Amino acid sequence: MSADAILKVDGLNAWYGAAHILYDLSFEVGRGEVVALMGRNGAGKSTTLKAIMSLIGKRGSVQFNGHDISRLKPHEIARLGLGYTPEDRRIFVDLTVTENLDIGRQPPRSFADGQSAPVWTPERLYKLFPNLAEMTDRPGGRMSGGEQQMLTVARTLMGNPLLVLLDEPSEGVAPLIVEQMADTIVELKKEGLSILLSEQNMHFSRLVSDRAYVLEKGQIRWQGSMAALEQDIDVQRAYLTV
C-alpha cells in the first residue's frame with residue numbers, strides 16, 4: 001500500500017447471486033485525492049462501491065486507513081470512517097433536513113498517522129450547502145432530487161468520514177445543482193477529504209477528479225490522470241460515449 005494511500009483495493013471480485021460482475025479490480029485512492037470510477041451504465045462502477053462496503057458478495061483485499069476491511073460487515077466499515085452515499089439517496093422523507101443530519105452524527109476520527117480528520121457540524125454544512133440552510137425544517141420528501149442529493153452527502157459528512165464513496169452524484173439532477181455539487185467536492189478536497197466517485201459524466205469528473213479508472217464489463221480498461229483521459233478521445237469513444 002502506497003504511503004499516502006488511504007484505500008487500496010487488490011484483486012476485487014464481486015457477484016450478484018451467481019452472476020460474476022467484477023473481475024480482479026486493483027486500484028487505490030490517496031489521502032486528499034478525488035478519484036473517478038468511470039464507464040457506461042452496467043460497467044460495474046456502483047457495484048465496486050457496494051463491494052468495498054461489503055453490501056454484496058465479494059472476494060479480494062480491501063485496505064482502508066491501515067485496517068483490513070475485506071471481511072468486515074457494512075456497519076463495522078462505516079464505524080472506521082468510510083462514508084457511502086448511494087445513488088438512490090435513501091434520505092428519511094418524513095424527517096426534516098436538520099433531523100436527517102442528526103441521524104448521521106458520529107464522533108471525530110483520526111487517520112492512521114494520528115492526524116485528525118475534518119469535523120463537521122450542521123452549521124459548517126449549511127455554509128457548504130446554502131440551499132439546505134434555507135430549508136432546515138423541510139421534510140426530505142418535499143425536496144427536489146438535487147436537494148435530496150445534497151442532503152445525502154451532507155448527512156454522510158456528519159459521520160466525519162476519512163473517505164467518501166460517492167455514487168453517481170450528477171445523475172438525474174439539474175445542471176445548476178451539478179455545478180454546485182462539483183464546487184462542493186472541490187471544497188471537501190481542500191479540507192483533506194478523500195473521495196472515490198462513480199461517474200459517467202465526463203464534464204463533472206473533469207471538474208473534480210485528480211485521476212480516473214475506466215471500467216468496462218467489470219474490468220479496468222484504462223487508468224491515468226484526469227487530464228490524460230480528457231485528451232484521449234479514443235478511450236472516451238471506446239468506453240464512455242453512448
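Taking the helices alone, the chain has a mean residue ellipticity at 222 nm of -9000 deg cm²/dmol, built from -39,500 (n - 2.57) per DSSP H run of at least 4 residues and averaged over all its residues. Net charge in the neighbourhood of Ser110 (other residues with Cβ under 14 Å of its Cβ; Lys, Arg +1, Asp, Glu -1) is +2. Candidates Gly104, Leu128, Ser26 compared by Cα position along the dipole of the chain: farthest toward the positive end lies Ser26, with charges placed on Cβ. One Cα centroid belongs to region 215-230, the other to region 133-173; the line between them spans 27 Å.
Holding the Cα-Cα limit at 28 Å, pick out from Lys58/Lys127; Lys45/Lys73; Lys190/Lys217; Lys50/Lys127; Lys58/Lys190 the pairs that are longer than that. Don't jump to the answer; show the numbers that get you there.
Details: Lys58/Lys127 38 Å; Lys45/Lys73 20 Å; Lys190/Lys217 33 Å; Lys50/Lys127 30 Å; Lys58/Lys190 33 Å.
Flagged as over cut-off: Lys58/Lys127; Lys190/Lys217; Lys50/Lys127; Lys58/Lys190.
Taking Cα centre as origin and charging only the Cβ of basic (Lys, Arg, +1) and acidic (Asp, Glu, -1) residues, the dipole magnitude of region 1-119 rounds to 260 debye.
Sparsely packed loop sites in region 23-98 (the trypsin sites (Lys or Arg not before Pro) outside DSSP H, G, I, E and B with at most 13 other Cβ atoms within 10 Å) comprise Arg71, Arg90. Computed over the Cα atoms of region 1-120, the ratio of the radius of gyration to the Kirkwood radius (Rg/Rh) comes to 0.98. Stretched out straight at 0.36 nm per residue, the stretch from His67 to Asp10 would grow longer than its current Cα-Cα span by 19.1 nm.
None of the figures in this text is laboratory data; all of them are computed from the coordinates on show. Just so you know, these numbers come straight off a predicted model, no measurement behind them. Cβ sites come from the backbone with ideal geometry, for glycine too, and all protein chains shown count toward neighbours.
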